[in-house]
Amino acid sequence: MRLKQFVSPDMGENCYFVIDENTNEAIVLDPGAQGEKLCSVIDSENLDIKAICLTHCHFDHAGAVREIKKHTGAPVFICRGEEEVANSTSYNLSAMFGRPFTVAYDRVLDEGDKFCFGSLEFRTILTPGHTTGGGCFYFEREGVLFSGDTLFCMSVGRTDFPGGSMEQLMESIKNKLFVLPDDTKVYSGHGNATYIGFEKENNSFIY
């Protein structure tokens, strides 16, 4: 597995390219902005994009989806329960920030759904709370979790936006993420990477 990370200059959102080093097959995870730049990287590195995967559909995680899909033809994946967020400019917050759009998607992933590209495979973990249908993507063999805005280094996703629920978020983190191995590396939607074990011991937002 090879990772490339791009941080949005506006919202500090992390977009990731997850790449199979042998085949150059890849997924784009949460492309929130800088669509032209991301497409340029895809071309310069000759990446074969197999899917555009969204942990959730807030505008800062999905703002460049349309441009990348047009450029690559790759399908867009969202998680079960996130359909309303994808289809609503209010729920995805794009209207609030003056750039209303909806997210067109091709596949809805359910709990446990897997997706393979090259020699890599992730499993879908549904983690509602930050949004109604937020999710995480877990690469078990590599010990890597992409947590979106569910779990951050020493923090958690906010729940005061439409569809948010702190009770659901706590259940998602404790019952679905904190059962993963302690040495699982967590790449979140904002901020620095962390580890499951570290967050279990040190994250004061978990109750």
Problem - Hits among lysines - C-alpha to C-alpha of residue 37 under 25 Å, sequence gap 8 or more where chains match - result: 4, 50, 69, 70
Practice task
Please say if region 2-202 is rounded, prolate or oblate, where rounded means a/c under 1.5 for a ≥ b ≥ c the square roots of the C-alpha gyration tensor eigenvalues, and otherwise the choice is prolate for a/b larger than b/c and oblate otherwise?
Solution key: oblate
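What does the helix-only formula give at 222 nm for the chain: each DSSP H stretch with n ≥ 4 adding -39500 (n - 2.57), the total divided by the residues, and the result rounded to the nearest 500 deg cm²/dmol? Working shown, then result.
Details: 6 runs with 41 residues, N = 207.
The helix contribution divided over the chain gives -5000 deg cm²/dmol.
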Exercise for the section: Give the cross-link partners of residue 176 among the aspartates and glutamates, using a straight C-alpha distance below 12 Å as the criterion and excluding same-chain residues fewer than 8 apart. Expected result: 111
Handout entry: Within a Gaussian network of the chain (alpha carbon springs, distance under 10 Å), most fluctuating of 190, 56, 130
Key = 190
Completion exercise
A correct Karplus calculation of ³J(HN,Hα) over region 16-29, with 6.51 cos²θ - 1.76 cosθ + 1.60, θ = phi - 60°, whole Hz and x for Gly and Pro, returns 10, 9, 10, 10, 7, 5, 7, 10, 6, 5, 7, 10, 9, 10
Practice task
Grab the beta carbon distance between residue 40 and residue 102, set R0 = 25 Å, and tell me the FRET efficiency rounded to 0.05.
Solution key: 0.50
Handout entry: Whether region 168-207 is rounded, prolate or oblate, judged on the alpha carbon gyration tensor where a/c under 1.5 counts as rounded
Key = rounded
Fill in the blank from the handout: Placing +1 on each Lys and Arg Cβ and -1 on each Asp and Glu Cβ in the chain, then taking the dipole about the Cα centre, the residue among 51, 33, 205 whose Cα reaches farthest towards the positive end is 33
Problem - residue 116-residue 87 pseudo-label distance in nm [points 7 Å out on the Cα-to-Cβ vector] - result: 3.3 nm
Completion exercise
Any residue on another chain or 5+ positions along whose placed amide H is under 5 Å from the amide H of residue 13 is listed here as 8
Practice task
For residue 174, go through the lysines and keep the ones whose alpha-carbon is under 27 Å away, minus same-chain ones fewer than eight residues off.
Solution key: 114, 185, 200
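For the chain, the longest stretch holding no trypsin sites (Lys or Arg not before Pro) located in a DSSP loop with at most 14 other Cβ atoms within 10 Å is which?
Working: sites that count: 141, 158.
Of all site-free stretches, the longest is 1-140.
Where a number appears in this text, it was derived from the coordinates with a stated rule and is not lab data. Computed from a predicted model, the values in this text were never measured in an experiment. Every residue, glycine as well, gets a Cβ built from its backbone with ideal geometry; the counts of neighbours run over all protein chains shown.
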